[in-house]
Amino acid sequence: MKLLPSLSRLLRPPGPRPPSGLLAATALELAVLAGHLAAYPFGLTPERRTAPRPPVRPASSGAEGPCHAGAAQPGAAALPVAPTVAPPVVLLHGFIDNRSVFVVLRRALTRHGHRHLEALNYSPLTRDVRTAAELLGRHVEDVCERTGHSRVDIVGHSLGGLIARYYVQRLGGDRRVRTLVTLGTPHGGTAVAPGAGVHPIVRQMRGGSSVIEELRAPAPGCRTRFVSFWSELDQLMVPVATACVDHPDLDAVNVRVTGIGHLALPVHPTVAAAIRDALEAPEAGEDTSTPAASSTGTTSAA
């Protein structure tokens, strides 16, 4: 994938460079945490899922292809979709979190014309990335059935990005996912995993876990494009480069963000603008039937 021009111009959030910048980033993390704790109760319940209003389209234009055979319920009909309508966006939170973490990002995407966004809550008691990835797959199929789209985009924060990548890379989700954006996701495994001795899914985020090793396996012809945001001040990603996608078969761009930490990634306005640009970037030739050539790139916010 060609490097997204807008991502290469990602602005550096105001503030001094590390190590003094670490103080400012820590203060911001604490402020974000306080705000998120206040919003957390409002995201505990699953959001109501409804079919969006069919967009108006000219009579001569064709509808986008239906969902995969067998995914829809008997007698269900897909809604017509205008070719210019962006795919639905599925938001997936991190460990011991819920959909409330995406309040700011969701507002930013909606304000710029994204018609259909959904956040999926998975239980904090989920013990395996694979199980959560299967749940995500069922949700994506449901979104396709209700919207008439054949593909979606996904934004995953932290563990959510790892779950989404497992779905794409190991469960055939690349046929459904056009773009996967990850925010502070331990793609290579992290040495910092609080509670790893208690919760199995946290152990799977450690380097060398069975899940991380599965994601290192070949993935020829993967049709999903990856955009991974990583921060040099992310204290949960050790080493920080573990939040980058590094795989020869995957079409990936790694975006380095400076001046903010792990919790601020889903709420920082500069990151939100870059996520929006990534989701609005067209696919090569606008043809989803042929896997894209793989490439791995890095953009810098320095």
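The values are calculated or read from the model by the stated rules, or taken from the named source; none is laboratory data. Everything numeric in this text was worked out from a predicted model, so none of it was measured. Using ideal geometry, Cβ is built from the backbone for each residue, glycine included, and neighbour counts are taken over all protein chains shown. Quick note on the areas: whole protein, heavy atoms, side chains included, nothing else; ligands and nucleic acids left out. Shrake-Rupley method; radii C 1.70, N 1.55, O 1.52, S 1.80 Å.
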- Message: Going by what's in this entry, would T147 be described as more than 19 Å from R203 (Cα to Cα) and touching a Ser or Thr at 6+ places or on another chain (Cβ under 9 Å)?
- Response: no
- Query: Does P282 count as open to solvent by 20 Å² or more (accessible area, probe 1.4 Å) and part of a loop (DSSP other than H, G, I, E, B)?
  - Reply: yes
- Query: Which of the residues spanning the range 110-137 are over 17 Å from the mean Cα position of the chain (by Cα), open to solvent by 60 Å² or more (accessible area, probe 1.4 Å) and closer than 19 Å to N98 by Cβ?
  - Reply: P124, L125, R127, T131
- Query: Picking from G208, G172, G221, G188, which residue would you name as being farther than 23 Å from S100 by Cα, surrounded by fewer than 24 Cβ atoms within 10 Å (Cβ to Cβ) and touching a residue at least 60 places away in the same chain (Cβ under 8 Å)?
  - Reply: G221
- Item | Residues of the range 235-266 satisfying the condition of being under 25 Å from G173 (Cβ atoms) and touching a strand residue (DSSP E or B) at 6+ places or on another chain (Cβ under 6 Å) | A243, C244, V245, L250, D251, A252, V253, N254, V255, L265, P266
- Item | Conditions (1) farther than 28 Å from P248 by Cα; (2) open to solvent by less than 20 Å² (accessible area, probe 1.4 Å): number failed by H199 | (2)
- Enumerate the strands (runs of 3 or more DSSP E) found wholly within the range 172-259, keeping only those where 1 or more residues are in contact with a Pro (Cβ under 7 Å, 6 or more places away or on another chain). 177-183
- Item | Any hit, the range 143-160, residues being under 30 Å from T258 (Cβ atoms), at pLDDT 95 or above, open to solvent by less than 10 Å² (accessible area, probe 1.4 Å) and charged (D, E, K, R) | yes
- Query: Looking only at the range 260-279, which residues are of a type in the set (A, V, I, L, M, F, W, C) and assigned to a loop (DSSP other than H, G, I, E, B)?
  - Reply: I260, L263, A264, L265, V267
- Would you check which residues across the range 89-108 are buried (at least 23 other Cβ atoms within 10 Å of the Cβ) and farther than 30 Å from E214 by Cα and list them? L105
